[in-house]
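The values are calculated or read from the model by the stated rules, or taken from the named source; none is laboratory data. Fair warning: this is a prediction, and the values are worked out from it, not measured in the lab. No Cβ is skipped: glycine too gets one built from the backbone with ideal geometry, and neighbour counts run over all protein chains shown. Surface accessibility is based on the protein's heavy atoms, side chains included, excluding ligands, DNA and RNA. Shrake-Rupley method; radii C 1.70, N 1.55, O 1.52, S 1.80 Å.
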Amino acid sequence: MLMVNVFSNIDSLCNDALLYFNQYADDAVNRRGQFLVAVSGGSTPQKLFRSLAQPVYAAKPWWRQTHLFFADERCVAPDDAESNYGQVKRLLLDHLGENQPQVYRMRGELEAQAAAADYAQQLKQFSENNWDWPRFDVIFLGMGTDGHTASLFPGSDPAPAEPVLAAKAFYLNRPAWRVSLTPRVINCARQVIFMVTGADKAEVLSAVINGTGDLLNWPAARVNPQDGAVTWLVDESAAEKLPPDLVNRR
Ligand code: 6PG
């Protein structure tokens, strides 16, 4: 049954995400010799990236078997303050020394269509089953106040055929052109972890979780791995409108 793990603040939420990251990395490397992970941008996962950069985690042996991908990217240069890769580099990769993962960034400096095609090719190197993309061990996603996740925005095609798409959307003052994994790829993952904070997301979170089935308007509801699990890590204020029986206070 679906449960939403609710935390009193973002620090304890990110700490839980850190434990999942470590557990899935260990497990994937032990079982399959590599760890395939994709992360998102936005403010919510910043503490997770910082924690992964702390000496005890920076020294973890699994980094060298880790393949680090992105769920989405903004079309800006990699050193731009708005780049999702840039954020991960500054908060995490720059602190790992020699113990680096293999990083597969979306080339935000390209025109969006070209960047999407380029990333589809990068994913293809990891083809699994009959797919042109890997089966991710875990994908970390956020959710916007409009229900978008990765760069799948309300009103976009709920089930595009391609694994990676170019999107244009206006959200806060963030760069409009984006590149995103699509549900075809996301829904092949073993695990998906949503990290959601803030009272301004409470309404949409309850719509997504209550399964209104409106995939057009609530893109986060498009995330539904066929043979995997979704874990929700949410703070108190985002959880305000959830039915109490779904809430697991941590
Ligand atoms: C991005 C994203 C996006 C993000 C949400 C939530 O690059 O903007 O990957 O989907 O996760 O917009 O962002 P916050 O964590 O800042 O609320």
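Here the stretch 2-249 carries DSSP beta bridges of which approximately 25% are antiparallel, counting only pairs with both residues inside. With Cα atoms as the point set, the radius of gyration and Dmax of the stretch 122-194 evaluate to 12.7, 39 Å.
On average, how much accessible surface per residue is there in the stretch 2-249, in Å², for a 1.4 Å probe, leaving out ligands, DNA and RNA?
Accessible area per residue: 42 Å².
Judged by the mean number of other Cβ atoms found within 10 Å, the most tightly packed of the peptides 152-161, 106-115 leads the ranking 106-115, 152-161.
Here the chain was treated as a single set of alpha-carbon atoms; its pair distances binned every 10 Å from 0 give 8, 33, 39, 19, 1 percent. Take every pair of alpha-carbon atoms less than 8 Å apart whose residues are at least six positions apart; their mean separation over the length of the stretch 2-249 yields a relative contact order of 23 percent. For the cross-link pairs Lys124/Lys241; Lys60/Lys241; Lys89/Lys168; Lys89/Lys124, the ones whose C-alpha atoms lie over 32 Å apart are Lys124/Lys241; Lys60/Lys241.
For the chain, the carbon plus sulfur part of the accessible surface works out to 47%, probe radius 1.4 Å. Calculate the length of the line joining the C-alpha centroid of the stretch 78-105 to that of the stretch 161-181, in whole Å. If we compute the Cα centre of each part, the gap is 20 Å. Of all aspartates and glutamates in the structure, those lying under 18 Å Cα to Cα from Lys47, and not within fewer than 8 positions of it along the same chain, are Asp11, Asp16, Glu82, Asp94, Asp235, Glu236.
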